[in-house]
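For reference, the structure discussed in these notes is given below.
The values are calculated or read from the model by the stated rules, or taken from the named source; none is laboratory data. Here the structure is a predicted model, which means the values were calculated and not measured. Here the Cβ positions follow ideal geometry from the backbone for every residue, glycine too, while neighbour counts run over all protein chains shown.
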Amino acid sequence: MRFYFLLWLLLPVPAFSQNLLVNGGFEEVNICSEYKVDCAPEGWMYTVSSFNYYFKDPALAHAGQYFIGLIAGSSQKAYYRTFVRTRLLCGLRKGRSYRLQFWVKSRHSILDSVGIYFTGYDFLFEKQPYPRITPTLYLSNASYPPKKGDTSWQKVSIDYTATGEEAFMALGNFRKTDLRSSTGIRLENKFFVLFDDISLVPLDPMEALCKDWKERKEEIYAQDERHEYQERQTRLYKKMPATVVKNTITKQLKVDTLVMPDILFATNSFSLDKKALLLLDSFLRHHNGYALDSIVVEGHTDNLGKAETNNKLSQSRAESVAAYLQYSLSEPVFSRGWGSSKPVADNRQPSGRRKNRRVEVYLYLKE
């Protein structure tokens, strides 16, 4: 009988690609300090505090109930623009790639001027005039740039290579020239762009949220200054030197994998025998002293029998292993069953079916 360990440094298990932006769907509502009313999405702040940019309309939102808008220009007021900014949960790793994705729409042909601006300081306190800023990215940098004249929600996806200095992200119209033509809408002199469902995730599935992301989220959500309080704070900080913020960078994980053949379980059962327990104990001892992040346990079967039965058996076996490991650990242990949907060998051969009947334990280690 042979048991074996496999080390895969880049195992494609998308368990850790969490959003580095808070409240990307804008469904969590902020209660402002001044008026104690719902007036903004949690974690997102506007450069013009008095502008009502937060919309609730399930029929118009891309998903959920809420979405946000910004003013890209005005037909009456020169260079009138509004920007929205948020703080990242974690710092980005220099040279690493991240995917920024969101949905956008506008009735106006201005989306090619809309951009994304990453800064190490709070964009609310930006000192230079907005038209002088060259953003980090334009929507035209997307794999499939949004089409002009399309008034429906359009998906934008951009892969971005980090500099390592990113702490805040702002969205807005970074056009160098002004928008002064008619909007084409009766009694409306502003050009609007709408956003929904924004995410920023590492392309490396082994890059995870930083260790203090929960504290950072609480800090971001604690910013309840809106309206007059925000204006007062903005005026104060614009007179002071810019403060560079250093977020804790994302964690880089490695993974060790234990493959348990089904002979370590009773036939068609999820009970672990003594050899299985000894193997799991040995696996944990082998990693004693490592910085453990979490464990994922996945159960698999061959394709004989009913799919419902296989799914239930694979899930039950994964849960049995997870429960045993969790008893000895404080770190989270997750389990899931795949039934026969992920074979590693040919189910037409007895030897292949033996290989497919297995439980895989993925042990994620921090740097």
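Observations, loosely collected:
- LEU292 surrounded by 13 or more Cβ atoms within 10 Å (Cβ to Cβ), more than 17 Å from PHE265 (Cα to Cα), at pLDDT below 95 and not small (Gly, Ala, Ser): yes
For (1) in a loop (DSSP other than H, G, I, E, B); (2) more than 32 Å from the chain's Cα centre (by Cα), each residue gets a yes or a no:
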position	(1), (2)
ILE220	no, no
GLU231	no, no
MET240	yes, yes
VAL245	yes, no
ILE263	no, yes
LEU277	no, yes
ASN288	yes, no
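- Matching option when the condition is under 27 Å from LYS94 (Cβ atoms), out of contact with any helix residue (DSSP H, G or I) (no Cβ under 9 Å at 6 or more places or on another chain) and either part of a helix (DSSP H, G or I) or in the same structural domain as LEU194 (by TED's automatic domain parsing) (or both), among TYR117, TYR121: TYR121
- Close contacts from the stretch 166-183, counting a first residue that is under 30 Å from VAL244 (Cβ atoms) and at pLDDT 95 or above and a second that is surrounded by fewer than 20 Cβ atoms within 10 Å (Cβ to Cβ) and small (Gly, Ala, Ser), with Cβ to Cβ under 6 Å and a gap of 6+ residues or different chains, come to ALA167/GLY120.
- Residue match in the stretch 168-180 (condition: among the small types (Gly, Ala, Ser) and farther than 30 Å from LYS36 by Cβ): no
- Filter pass, ARG348 being out of contact with any Leu (no Cβ under 8 Å at 6 or more places or on another chain), over 17 Å from ILE263 (Cα atoms) and assigned by TED's automatic domain parsing to the domain that holds LEU278: yes
- Qualifying residue in the stretch 144-160 (condition: over 20 Å from ASP197 (Cβ atoms), assigned by TED's automatic domain parsing to the domain that holds ALA61, of a type outside the set (Phe, Trp, Tyr) and part of a strand (DSSP E or B)): no
Results for (1) buried (at least 17 other Cβ atoms within 10 Å of the Cβ); (2) within 21 Å of GLU188 (Cβ to Cβ), shown as yes or no for each residue.
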site: HIS62; (1), (2): yes, no
site: ARG81; (1), (2): yes, yes
site: LEU88; (1), (2): yes, no
site: SER97; (1), (2): no, no
site: PRO129; (1), (2): no, no
site: THR134; (1), (2): no, no
site: TYR138; (1), (2): yes, no
